[in-house]
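What follows is a single structure, written as structure tokens, with notes after it.
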Amino acid sequence: MARLVRPPGPRVRSLGGSFSAFRADPLGFLTRCTEDYGDLCYFRAGHQHMYFLNSPALVQEALVTKNAAFMKSRILQRAKSLLGEGLLTNEGASHLRQRRLVQPAFHRDRLKRYATDMSALAIRSRARYADGAVVDIDREMMRLTLAIVGRTLFSADVEEDAPTVGEAMNALLEMMPVLMFPLSQYLQYLPIPFMRRFMKAGETLDKTIYRIINERRASGEDTGDLLSTMLASRDTEGDHSGMTDKQVRDETLTLFIAGHETTATALTWAWYLLAEHPEVEAKMHRELDEVLGDREPTFEDVPFLPYTGHVFGETMRLYPPAWAIGRMATMDLEIAGYQIPRKSIVLLSPYTMHRSPKYWPEPDRFLPERWETEDPDRPKFAYYPFGGGPRLCIGERFAWMEGVIILAALARKWRFRRADAAPVQLAPLLTLRAKGGLRLRAEPRY
């Protein structure tokens, strides 16, 4: 057999390979790999062979052209113990069936209803701020997006439960990065405090979700929310069956976590960037005043707030919540002339792609104006905050609308300024959070 020729990359002869360097500073490590080795880089993390792809063509090959040769990476496969067979973890024909059943929840008529809830909850949220008050903006955005997910998923007010539910979800999210460790599949059997907290968190969320599912099935009421859509869905291309309670639980938990965590993270970074760039903030305020006047934002207003949308989009370029995407090869395949063996991990990073000077002039600059005209020379996958291909985030339109409405509703009344001059550090966990949170001072606009 011919010797396997691997792409260039850091060759570390220790038992762990590059695992320690990657774990200590994943964003810095991947950025250095791109600078030192180009668009395709190989490194070893423990016993795992990693192939880092960082060009639009290679990303498209992994997510679209050769999508069938991959499955979700180990971290999400092991997350099945928590998430079950939801859209994040499901594979193959079962994933396609589930996606067809959930898709109606994101049709235009449903989104219009969700927009009303988003605006109302954002207005309620901003009423808590006071002139000069220091706001933990990351917690506020988590609380707000949690309330929105609760209202749109369940037609339930979970804002009062935010501390309990938020604590449970944080415990689950903190566990996710641990799932990439060698032998992590055995941690659940160990009676250690970390795992007890993890199991208790799962039980807390399960109890809440199953109670609401049972109450809704008993009432038979269609409230127009996502839960009603899933309970009423039928697989029109398959056996016409609906979803079991377990399937509904898996999907709602998956969307509950993904729908509140990712959007809250993006909004946190948006407020940070607006605080750091008052000229951008002033331009967004002018748009809001011209379009909305004294009105609150609605579904119909979203297309007429393009600059607010550009602020949100540019935020996700610089700070994509899903900073990395992993896939495991289910067969031997070839990419860019290199053989990728079965069970290897292909790693993609929207963070490094979005900051590449090959595709973005002044890549580290916050410049919403760059979205005002389309760049015909920029490849499609130079920007992919929601992934791509058959597994493109099903809630993409929901998230875009939510981001614009929340920015508009809060910025109509408030501006935020840095509460201190301490440097903001990145925390690339399951999502790209601000390390230690982010404190901003609220100032009324009028």
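When Gly202, Gly242 are screened for being at pLDDT below 75, among the small types (Gly, Ala, Ser) and either assigned to a loop (DSSP other than H, G, I, E, B) or surrounded by 15 or more Cβ atoms within 10 Å (Cβ to Cβ) (or both), only Gly242 passes. When Gln339 is tested against (1) in contact (Cβ under 8 Å) with a residue 60 or more places away in the chain; (2) surrounded by fewer than 19 Cβ atoms within 10 Å (Cβ to Cβ); (3) in a helix (DSSP H, G or I), just one condition goes unmet, and that condition is (3). Against the definition (in contact with a Leu (Cβ under 6 Å, 6 or more places away or on another chain) and among the aromatic types (Phe, Trp, Tyr)), how does Phe398 come out, yes or no? When the stated conditions are applied, Phe398 does not pass them.
The condition of being assigned to a loop (DSSP other than H, G, I, E, B), buried (at least 17 other Cβ atoms within 10 Å of the Cβ) and in contact (Cβ under 8 Å) with a residue 40 or more places away in the chain holds for only one of Phe381, Phe398, Phe366, that being Phe366.
This table checks each residue for (1) closer than 30 Å to Phe256 by Cα; (2) small (Gly, Ala, Ser); (3) in contact with a Pro (Cβ under 9 Å, 6 or more places away or on another chain).
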residue: Pro341; (1), (2), (3): no, no, no
residue: Val346; (1), (2), (3): yes, no, no
residue: Glu372; (1), (2), (3): no, no, yes
residue: Asp377; (1), (2), (3): no, no, no
residue: Phe381; (1), (2), (3): yes, no, yes
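Working only within segment 369-378, note down all residues that are exposed (fewer than 14 other Cβ atoms within 10 Å of the Cβ) and either in contact (Cβ under 8 Å) with a residue 12 or more places away in the chain or under 19 Å from Arg327 (Cβ atoms) (or both). Give the derivation first.
Quick first cut of segment 369-378, residues exposed (fewer than 14 other Cβ atoms within 10 Å of the Cβ) only: 369, 372-377.
Once the filter is applied, which keeps residues that are exposed (fewer than 14 other Cβ atoms within 10 Å of the Cβ) and either in contact (Cβ under 8 Å) with a residue 12 or more places away in the chain or under 19 Å from Arg327 (Cβ atoms) (or both), segment 369-378 yields Glu369, Glu372.
Tell me whether segment 348-358 contains one or more residues that are out of contact with any Gly (no Cβ under 8 Å at 6 or more places or on another chain), loosely packed, with under 14 Cβ neighbours inside 10 Å and either of a type in the set (A, V, I, L, M, F, W, C) or part of a strand (DSSP E or B) (or both). Steps first, please.
Going residue by residue through segment 348-358, those that are out of contact with any Gly (no Cβ under 8 Å at 6 or more places or on another chain) are 349-358.
Subset that is loosely packed, with under 14 Cβ neighbours inside 10 Å: 357.
Going one step further and asking which of them are either of a type in the set (A, V, I, L, M, F, W, C) or part of a strand (DSSP E or B) (or both), we end up with none.
No, because not a single residue in segment 348-358 is out of contact with any Gly (no Cβ under 8 Å at 6 or more places or on another chain), loosely packed, with under 14 Cβ neighbours inside 10 Å and either of a type in the set (A, V, I, L, M, F, W, C) or part of a strand (DSSP E or B) (or both).
The lone criterion from (1) surrounded by fewer than 17 Cβ atoms within 10 Å (Cβ to Cβ); (2) modelled with pLDDT of 85 or more left unmet by Met118 is number (1).
Which one of these is modelled with pLDDT under 95, of a type in the set (A, V, I, L, M) and surrounded by 19 or more Cβ atoms within 10 Å (Cβ to Cβ): Ala45, Ala24?
Ala45
Restricting to segment 424-446, what's the tally of residues that are among the small types (Gly, Ala, Ser) and outside any strand (DSSP E or B)? Of the residues in that region, 2 qualify.
The values are calculated or read from the model by the stated rules, or taken from the named source; none is laboratory data. Model, not experiment: these values are computed from the prediction. Here the Cβ is made from the backbone with ideal geometry for all residues, glycine too, and neighbour counts use every protein chain on show.
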